[in-house]
Structure formats: structure tokens, C-alpha cells
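Everything below concerns the one structure shown next.
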């Protein structure tokens, strides 16, 4: 009898594959109402994030958490609509060439893109309500001009520059974020353990898998936009 493949094993949610509660204490996101002046009260460390978390409060005592920008300090004042380092603004109000991070995908969703340590995106140009942003992957992405972002670069740069040296340390680093490591190649498994497994050849035929396939069948090419050879 075979065992469950990794996708099924993780989806079951045992202690091996659960994220620690400490990793999700803070939920960095923008509140819907950001008017007025805010102040950085504290800078916190989070297990589940690669960026320090800034605790921000206004005069009325309302608090929200956001990712800290580079060179942010306790006591720094944050403005909505400003263009200084750490300010939060609509990307349509910022100049071309401005570095931003923690960008919203849709208005008021709290921030979805460019949220890892040391990362930043750059505003390229604007066309009516559409803003083109150069992402860290060096690809351009279109956003609505009302989407909000934080000005500057995310703190925590240089995180991956120091080598881990030992496999044991990498295991615990990945475990703190509930990421499976080391990852066994599918073609190295037995046929009963994975759809790609068996010792009969290592060339995997590409499989077109449906978007809503069961976890045990989600292997190969997942919901591709196109298939076949590209015509020149």
C-alpha cells in the first residue's frame, strides 16, 4: 500500500506541516481609513516574515501593523499621501521612478505584492487610471491608480547573503515558515508514491492539470495559459 503524496500529506494539516502560532501573531496590512498623521511606536520581529514589523499608532490610539521600510526608526511620523521614506500613498499620486513596496493588488485589500526583505518595485509610467510598476522580477505589472503602497525599500536586505553552512540550520529556518525541506524529486520516488515516480526513465511527460483537481493529482503543468510550441 502506498502512502499519500506530499501535497495530500501537507493538506491534511498534521503537526509536521503546520505553521507555528508565533509566525502569525502580526497581520501587516493597511486599514481602510488612513487619514491624518501616524507615528511608529515600536519595531517588532516576526518569525513568519522576513521584514521587521512596524507598530503604527495615531493620536486617537488606533493601531495597525505594516512592514518596516529601510532606515525606519521608533518615533518616525508617517503620513498618508506623502512621498517620504515610510509614507503610505496611492501609487497614482507618486512620481515616476519612486521606489515602493507592500503594494495592493486591488484598492483596500491591505497589500499583497513586494513584501519580502530588501525588496522594492519602481513606478514606471501612468496612463489615466492605470499605473505600470516594474516588479522585483523585472517584469511590468499594471495596477489601478488608487492602490496604496509604502514609499521606500522593505527593511531586512542582505538576509540571504550570510550562508547557512549546515543543512540542519536550513531545515529549522524552513520549518519556522512551514516550508517542506529537503524536497525529494518526484521522479526519484516509487510509482505508488507519486504520479511521476518509477525507475523506468527520468523524462517526465508534461501533464495538463485542471485548476480544481484534487491535491493528489496536482502535478505537472498546473492550469497553463497556453500549450504547444511557440510560433516565431
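No lab work stands behind these numbers, since they all come straight from the coordinates. From a predicted model like this one, the values you see are computed outputs, not experimental measurements. Please note: Cβ atoms are built from the backbone with ideal geometry, for glycine as well, and neighbour counts cover all protein chains shown.
Things to note:
- Residue order, fewest to most surrounding Cβ atoms within 10 angstrom, among 147, 69: 147, 69
- Averaging the Cα positions of each part gives two centres, and for the range 1-59 and the range 96-167 these lie 18 Å apart.
- Label-point separation in nm, residue 45 to residue 144, each point 7 Å along Cα→Cβ: 3.9 nm
- A simple spin-label model places pseudo-atoms 7 Å from Cα toward Cβ; at residue 222 and residue 172 they are separated by 3.0 nm.
- The chain: calculated mean residue ellipticity at 222 nm from DSSP helix runs of at least 4, using -39500 (n - 2.57): -2000 deg cm²/dmol
- Residue order for 107, 89, fewest other beta carbons within 10 angstrom first, comes to 107, 89.
- Estimated from the Cβ-Cβ distance and a Förster radius of 22 angstrom, the FRET efficiency linking residue 108 and residue 132 is about 0.55.
- In degrees, nearest ten, helix 167-176 long axis to first principal axis of the chain (Cα): 60 degrees
- Approximate spin-label separation residue 85-residue 202, in nm, with each point projected 7 Å along Cα-to-Cβ: 4.8 nm
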